[in-house]
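The values are calculated or read from the model by the stated rules, or taken from the named source; none is laboratory data. In this text, all values refer to a predicted model and were calculated from it rather than measured experimentally. Note that each Cβ is placed from the backbone with ideal geometry, even for glycine, and that neighbours are counted across all protein chains shown. Areas reflect the complete protein model, heavy atoms only, side chains present, ligands, DNA and RNA absent. Shrake-Rupley method; radii C 1.70, N 1.55, O 1.52, S 1.80 Å.
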Amino acid sequence: MKSKLRLVVAVAAFFMCPFVVQAQVDLGIKAGLSIPNLTSGNSSNPINSGYSSRLGLDAGVHAEFHLTKRFSIQPELRYSSQGGKKDKGQAFPPTPEMAAGFQAQGQPVPQYVYADYKSVAKFNYLMIPVLAKYHFGFSPKWDLYVAAGPFVSFLLNGKQEMSGTSPIFLDTDHKQPLTPPQDFNQTQDIKSELKKANWGIDGHIGLAYHLNSRSAIFVEGGGNYGFVKIQKNKANGENNTGAGVVVLGYSYRICDKKK
């Protein structure tokens, strides 16, 4: 991961350095809410579908290179929360012990069994977007802008948090119990089951208020979507990451354009 990060930084520096001596440069910091979810697309099955959004942190720093009055390039370094949650109606493959029980009774082993418990998938990434940014600049104090561009991201951690008790059922309607209530309270580290890197598209619309000639506060709303199917093993389906993001931030101009 460190070697990949060095490569990304080196490539970004190669392309950005020619602009630094000519452009206005702002540094910024921002933090806020990530509202991620997992989408299953055509690979939908009872295990990888049915997720709803969870809440997490999105925070980062950026450098904005103003190439013209309206147009700038903004590379960022962000902590991005991804994942999703299911409140109940979980499906999972039978354990080896359960499969042996079905076989001992001469019954076919079902593909899935079911239970009612809460499950939250939490994946956190180091995200590196490079955004093209257009400023509408409708007044000296206020600036409305849009930004969009590609990102690469690297997995920091991944876990599945489960909570609740429930019998295990044979059917999706939960009318055929196989076991008495089971304790599902546990946290599983699933980082090794996920791909280490992702890439996709990121974008937002923002509104900035200039406190003076150098500093500004801003609010942004947007989102991101990863194009990589995150599971290494396709047996349980494939999911894409994505999140809606709302952040507040502050920027400061460290370099004025040379005349």
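Roughly how many percent of the accessible protein surface of the chain is carbon and sulfur, given a 1.4 Å probe and a whole-percent answer?
Taking all protein chains in place, the chain shows 62 percent carbon and sulfur surface.
Under the Kirkwood approximation for Rh and a Cα-based Rg, what ratio Rg/Rh is obtained for the range 192-235?
1.31
Rounded to whole Å and sorted largest first, list the principal axis extents of the Cα atoms in the range 87-150.
On the principal axes, the range 87-150 reaches 78, 22, 17 Å in Cα extent.
Residue-wise, which Karplus ³J(HN,Hα) couplings in Hz belong to the range 45-50, taking 6.51 cos²θ - 1.76 cosθ + 1.60, θ = phi - 60°, and x for glycine or proline?
In residue order, the calculated couplings are 8, x, 7, 9, 10, x Hz.
Heavy-atom accessible area per residue, the range 126-208, 1.4 Å probe: how many Å²?
53 Å²
Which ³J(HN,Hα) values, rounded to whole Hz and listed in residue order, are derived for the range 72-77 from phi using the Karplus coefficients 6.51, -1.76 and 1.60 in 6.51 cos²θ - 1.76 cosθ + 1.60 with θ = phi - 60°, glycine and proline given as x?
Couplings: 8, 10, 9, x, 10, 10 Hz.
Please give the calculated 222 nm ellipticity per residue for the chain, where each DSSP H segment of at least 4 residues contributes -39500 (n - 2.57) and the sum is spread over every residue; nearest 500 deg cm²/dmol?
-3500 deg cm²/dmol
Please get the size of the charge dipole for the range 107-164, origin at its Cα centre, with Cβ charges of +1 on Lys and Arg and -1 on Asp and Glu, quoted in debye to the nearest 20.
Computed about the Cα centre, the dipole is about 140 debye.
How high is the relative contact order of the chain, in percent, with contacts defined as C-alpha pairs under 8 Å that are six or more residues apart?
For the chain, the relative contact order is 22 percent.
Which ³J(HN,Hα) values, rounded to whole Hz and listed in residue order, are derived for the range 249-256 from phi using the Karplus coefficients 6.51, -1.76 and 1.60 in 6.51 cos²θ - 1.76 cosθ + 1.60 with θ = phi - 60°, glycine and proline given as x?
In residue order, the calculated couplings are x, 9, 10, 9, 7, 9, 8, 8 Hz.
Relative to the longest principal axis of the chain, what angle (0 to 90°, nearest 10) does the C-alpha long axis of helix 2-20 take?
It is inclined by approximately 20 degrees.
Over 30 Å between Cα atoms, which of Lys122/Lys234; Lys133/Lys191; Lys133/Lys159 qualify?
Flagged as over cut-off: Lys133/Lys191; Lys133/Lys159.
About its Cα centre, what dipole magnitude does the range 146-255 give when the only charges are +1 on Lys and Arg Cβ and -1 on Asp and Glu Cβ, stated in debye to the nearest 20?
My answer is approximately 500 debye.
Can you give the alpha-carbon Rg of the chain over 2.2 N^0.38 Å, where N counts its residues?
Compactness ratio reported: 1.28.
Can you check what the Kirkwood hydrodynamic radius comes to for the range 158-259, Cα pairs only, in Å to one decimal?
For the range 158-259, inverting the mean 1/r across all distinct Cα pairs yields 18.7 Å.
Which order do the peptides 209-222, 93-106, 116-129 take when ranked by the mean count of other beta-carbon atoms within 10 Å per residue, highest first?
The packing order, highest mean first, is 116-129, 209-222, 93-106.
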